[in-house]
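Okay, so here's the structure we're looking at.
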Amino acid sequence: MKNIILIGFMGTGKTAVAKAIAKSLAMKYVSTDELIEKKEGRTIAEIFSSSGEAYFRMIEKKVVEEISRVPGQVVDTGGGVVLDHDNIENLKKGGTVICLWASPETVYRRTASCRHRPLLNVEDPMRRIRELLEYRTPFYHKADHHIHTDADSIESVARKAEEIANGKKSDSRETK
Ligand code: S3P
C-alpha cells in the first residue's frame, strides 16, 4: 500500500491520528521527528538550541527523502516540513498527503501543556501560533487532501483519512 502522510500545523493531531490509522490498517507508523531524534541522539529542543533551526531542517529533509522511498507506512511529519518544496514533492511521490487543520485557539489549547516544541516556547505562544499559521497556510494547501479537526475525535479524523486513502471520500479536497 502507498504511504499515508499527515502534514499540518503543530497541535492538529498528526501523531495521535497517524498512530490510530497505523493500528487500524496494520501499517507501520513512522514519525519524522522521532527519526531525527534517533539520528542525532538528542531531542528536537536540544537540536534547535545547540545547532539552530536551519540544521534541524537539513536533517528533516534527509529523513523525508529516506522515508519517502519506503511504502506501507503512515507518516507523521513535523509541522514545518511543508516549508521545503522538495519535501512535499518527495512525500507526494511516496503516497497520499493529507493536511490536518485546526484553529489557532484549538492549537493553543492542545499545545499549552507541552514544553517540547521550541517554536512555541515563547512569551506569547498564541501570537506566535497565529503568525506561523498564517505564513504557512499556503504551504499546507499543497496537500492532496484536507481534514478539519477542531470538532472531531482522533478516531473520527483517522476514519476520514482512511476513507481518503482508500479513495472513498470525494469532498476531501475542500479546505478552509
Ligand atoms: C515544528 C513542529 C514540530 C517539530 C519541530 C518544528 C514546526 O513537530 O518538528 O518542533 O516547525 O512546526 P509537531 O508538528 O509534531 O509538533
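The values are calculated or read from the model by the stated rules, or taken from the named source; none is laboratory data. Quick caveat: nothing in here was measured; it's all calculated off a predicted structure. Positions of Cβ are generated from backbone atoms using ideal geometry, with glycine treated the same way; all protein chains shown enter the neighbour counts.
Points worth noting:
- Taking the criterion of being aliphatic (A, V, I, L, M) and touching a strand residue (DSSP E or B) at 6+ places or on another chain (Cβ under 9 Å), the residues of the range 78-110 that qualify are V81, V82, I88, L91, V97, I98, L100, A102.
- Of all residues in the range 132-142 being charged (D, E, K, R) and away from the ligand (no atom under 12 Å from the Cβ), the one that is farthest from N87 (Cα to Cα): E134
- In summary, S50 fulfils each of the numbered conditions (1) surrounded by 14 or more Cβ atoms within 10 Å (Cβ to Cβ); (2) under 19 Å from R117 (Cβ atoms) with the single exception of condition (1).
- Cβ-Cβ under 9 Å pairs, at least 6 apart or on other chains, the range 36-47 side closer than 12 Å to H116 by Cα, far side among the polar types (S, T, N, Q) and within 12 Å of the ligand (Cβ to nearest atom): A45/N121
- Residues of the range 100-123 that turn out to be away from the ligand (no atom under 12 Å from the Cβ) and either modelled with pLDDT under 95 or hydrophobic (A, V, I, L, M, F, W, C) (or both), as a count: 5
- In the range 48-59, of all residues being within 9 Å of the ligand (Cβ to nearest atom) and in contact with a helix residue (DSSP H, G or I) (Cβ under 6 Å, 6 or more places away or on another chain), the one that is farthest from V82 (Cα to Cα) corresponds to F48.
- Any pair with Cβ under 8 angstrom, 6 or more apart, that starts in the range 62-77 at a residue that is under 17 Å from I21 (Cα atoms) and ends at one that is of a type in the set (F, W, Y) and surrounded by 14 or more Cβ atoms within 10 Å (Cβ to Cβ): Q73/Y29; V74/Y29; D76/Y29
- Here the condition is being on the phi < 0 side of the Ramachandran plot, part of a loop (DSSP other than H, G, I, E, B) and more than 14 Å from the ligand (Cβ to nearest atom); of K93, K168, it holds for K168 alone.
- None of G8, G80, G94, G13 is in contact with a Lys or Arg (Cβ under 8 Å, 6 or more places away or on another chain) and at pLDDT below 95 except G94.
- Subset of the range 96-139 that is within 14 Å of the chain's Cα centre (by Cα) and in a loop (DSSP other than H, G, I, E, B) - its residue that is farthest from E66 (Cα to Cα): A102
- Within the range 1-41, the set of residues being in a strand (DSSP E or B), within 23 Å of D84 (Cβ to Cβ) and not hydroxyl-bearing (S, T, Y) comprises N3, I4, I5, L6, I7, G8, V30.
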